[in-house]
Amino acid sequence: MEAFHVPISFHFPYAFPIPTPTTNFLGTPPNPSINGSPWMDARIWSRLPHRLIDRIIAFLPPPAFFRARAVCKRFYALLYSSTFLELYLQISPQRHWFIFFRQKIPRNNIYKNSSNASGTSDHRVEGYLFDPDSLSWFRLSFALIPQGFSPVSSSGGLICFVSDEAGSKNILLCNPLVGSMIPLPPTLRPRLFPSIGLTITNSSIDLAVAGDDLISPYAVKNLTTESFHIDGNGFYSIWGTTSSLPRLCSFESGKMVHVEGRFYCMNFSPFSVLSYDIATNNWCKIQAPMRRFLRSPCLVEGNGRLVLVAAVEKSKLNVPRSLRLWALQDCGTMWVEIERMPQQLYVQFAEVENGQGFNCVGHGQFVVIIIKNSDKALLFDFCKKRWIWIPPCPFVGNNNLDYGVSNYGSEFGGELHGFGYDPRLAAPISALLDQLTLPFQSFN
């Protein structure tokens, strides 16, 4: 199965420079005369032991790995070799990439079986993988995901999909690189659009589903949290642990960020941050910085810290309007400003954004800021302290696309939303989940 489609090159219209990649996937500079080099003598390379070749291949990024599978039968079979996958899990570097999906157009899901009566909706599920190092886009297909499911989170190389239908939520964990999918037991409480947090390690999985409790067929209220846990030591809790949400909480459905054993989500009116401690099963509220002057606040993970990204706007401030980043300190209650968008760039950004708002997603050293109702996005690199405009996704929309109306049928729009994603060929936690769950059943 060919998981990746060839990326497309772009022209960049904005003033801030975008670096041109000078290395290929193997990390070596291109050399037009490499075929004549004695270093590429087949008599040398043909004698390399297989275990050394496997170690080299394990370091390849996924697009290069899938291209390498076309070289020979042995390379093709590596994806199914338990010996190679064990080596891969030990030495393959973590990649701070992103995966994006087309935003679904909201519709009423209170009533079950409320799908489009015309039956003409295109429910193809595609993901768009973005490599922030090379500024490349790749397309991934999710052929196994049934209609009526939406992506809500990602961790450990797996992407979490949840059912759109109101009621107990069915949850699927999918690895698009190998085409695997694992269903989890459904939640116990009926909900509409809950916020979902997911964190996966090589030996454990924790999942939290919070808010949007259906208190009647026509009303929802943020009341409870359900949690799911399983680990390699044999301990598991399948939606058996519940906790109450803080009073009068009003967080944005679907968005949770995991940092150091806690899930975080934004609370609105006024702005604050809600924190859920996985170990103690307790919620607490953290005051946001400059909460009265924030616009479009977003929480992201950045280099293992919780980062708040927001525009700051107040006419009487002594500083110009700006976009700022704050990091939550180890004490868990104080914020420190760590970065501010350069003013010249902010002028460009504000002109494009035009008060429509923006969404953010972070992973490792990178933060992507996506302008709503637009194909424009910015990338910030914490390590290099660099802001750059990133190329639009070539697989979504075109110059004539109205980002408020779908050109893919009635289910999807052109606007993107996404998560940090570490593309991996294997997830050890899958073996534990296979023992726990029942065979997959159709949710259509």
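The values are calculated or read from the model by the stated rules, or taken from the named source; none is laboratory data. What you see is a predicted model, and the numbers here were worked out from it, not measured in a lab. Heads up, the Cβs are rebuilt from the backbone with ideal geometry, glycines too, and the neighbour counts pull from every protein chain shown. Areas reflect the complete protein model, heavy atoms only, side chains present, ligands, DNA and RNA absent. Shrake-Rupley method; radii C 1.70, N 1.55, O 1.52, S 1.80 Å.
Distant-in-sequence amide contacts of residue 103, defined by a placed amide H-H separation under 5 Å and a gap of 5 or more residues or a different chain, comprise 413, 415, 416, 417.
Highest average first, the peptides 89-100, 301-312 ordered by how many other beta carbon atoms sit within 10 Å of their residues are 301-312, 89-100. In summary, the lysines within cross-link reach of residue 285, defined as a Cα separation below 20 angstrom excluding same-chain residues under 8 places away, comprise 221, 255.
Accessible area ranking (1.4 Å probe, heavy atoms, ligands and nucleic acids excluded), largest first, for 258, 229: 258, 229.
Order 181, 266 by their accessible area, 1.4 angstrom probe, all chains in place, largest first.
Details: 181 40, 266 15 Å².
Final ranking, largest accessible area leading: 181, 266.
Taking the radius of gyration and the Kirkwood hydrodynamic radius from Cα positions alone, what is the Rg/Rh ratio for region 48-91, to two decimal places? Spell out each step's value before the answer.
On the way: Rg = 9.5 Å, Rh = 10.4 Å.
Reported Rg/Rh (Cα atoms, Kirkwood Rh): 0.91.
Mind grabbing the base-10 log of I(q)/I(0) for region 244-377 at q = 0.22 Å⁻¹? Debye formula, identical points on the C-alpha positions, no solvent, two decimal places. The computed values of log10 I(q)/I(0) come out as -1.49. Solvent-accessible surface of protein heavy atoms, probed at 1.4 angstrom with all chains present, puts 41, 434 in the order 434, 41, largest first.
Taking every protein chain into account, the 1.4 Å probe leaves residue 199 with about 20 Å² of accessible area, to the nearest ten.
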